[in-house]
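Only the coordinates and a few stated rules stand behind these numbers; no lab work does. This one's a predicted model, so the numbers in the text were calculated from it and none came from an experiment. Glycine gets a Cβ as well: all are built from the backbone with ideal geometry, and neighbour counts include every protein chain shown.
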Amino acid sequence: MLKQIICINWGTKYGPDYVNRLYGMVSRNITPPFTFTCFCDNPDGMRPEVRTEPLPELDFVMPTGTKGIWPKARLWSEKLADLQGPVLFMDLDLVVIGNMDAFFEHGSPEDVILGRNPNTPFEKLGQTSLFRFPVGKLLPLQEKFLADPQTVADEYQFEQRYVTRNAPGGVSFWPRGWLRHFRMDCARSFPMNYVLPPKKPADAKVIIFPGGLLPTHAIEGYWGRHHKPGSRMDHIRRLADPDRHDKPLRHLRHFILPSKWVEEAWRA
């Protein structure tokens, strides 16, 4: 069975290094044959093994004032280059730590399969950082979105909520444990976060990094863009900083030691 993996990259937030690392992690953790296709606005700097395709053209105005990653709607088109059948979409800031073959073997080829969003357990919301769908099956979602992008974005806020609630035939979820959330499943609770580095879940295949804390932050040992690298004492001293982003207890909770296991996986 040919395993088809896709990703999307636009603008300058994530450079080609992110695509190259993702390809490297996938290639070390999957049984061939597989393809890896990046839909992008600039293919410069990407390794030759990555198939690059232009972003699918859509005529719409991007919603404003929403947290959702709505450019992903480009991937809901009837056609995606020459790909057919199930494709596995992956965000660029994932870390692969286990074999990925099961993501292509689970369920039916016609299924839309998402991760479970751990932030909303009662809503049963899906997580689109890594999800599988047949090419063209989400076209009805794209058509509804394109008819009034701002209204759809205002109603659903996140594209993953829109997919969860509207995918034709409904959605299913990956088995628990396959995807783990770095902040919720790996980072230690206070005060152990000052003593032990983030843990590597033994049963996980992929670690997701939503919420602004990226693999590079985990490697260097700091909690995202509102914090700075430094020692335990450096972090504690910043309690006196009048420009500190978090309240005192939250600031103490938002300390992590460098994650060596993330560094070992996060490479091209």
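Observations on the structure shown:
- Rounded to the nearest 20 debye, the dipole size of the chain about its Cα centre is 1260 debye, using +1 on the Cβ of Lys and Arg and -1 on the Cβ of Asp and Glu.
- Qualifying aspartates and glutamates (Cα of each under 18 Å from Cα of Lys79; at least 8 residues distant if same chain): Asp41, Glu53, Glu57, Asp59, Glu110, Asp111, Glu143
- Paired Rg and Dmax values of the range 179-265, which use every Cα atom, in angstrom: 12.6, 41
- For Ser259, Ser189, Ser108, the sequence from fewest to most other C-beta atoms within 10 Å is Ser189, Ser108, Ser259.
- Calculated FRET value between Leu58 and Arg232, using beta carbons and R₀ = 35 Å, to 0.05: 0.15
- For a straight C-alpha distance cut-off of 12 angstrom, the aspartates and glutamates reachable from Lys205 (same-chain residues fewer than eight places away being disregarded) are Asp101.
- Loop-located chymotrypsin sites (Phe, Trp or Tyr not before Pro) in the range 72-135, at most 16 other Cβ atoms within 10 Å (DSSP): Phe122
- Range in the chain, longest, excluding exposed trypsin sites (Lys or Arg not before Pro) [loop by DSSP; at most 16 other beta-carbon atoms within 10 Å]: 125-175
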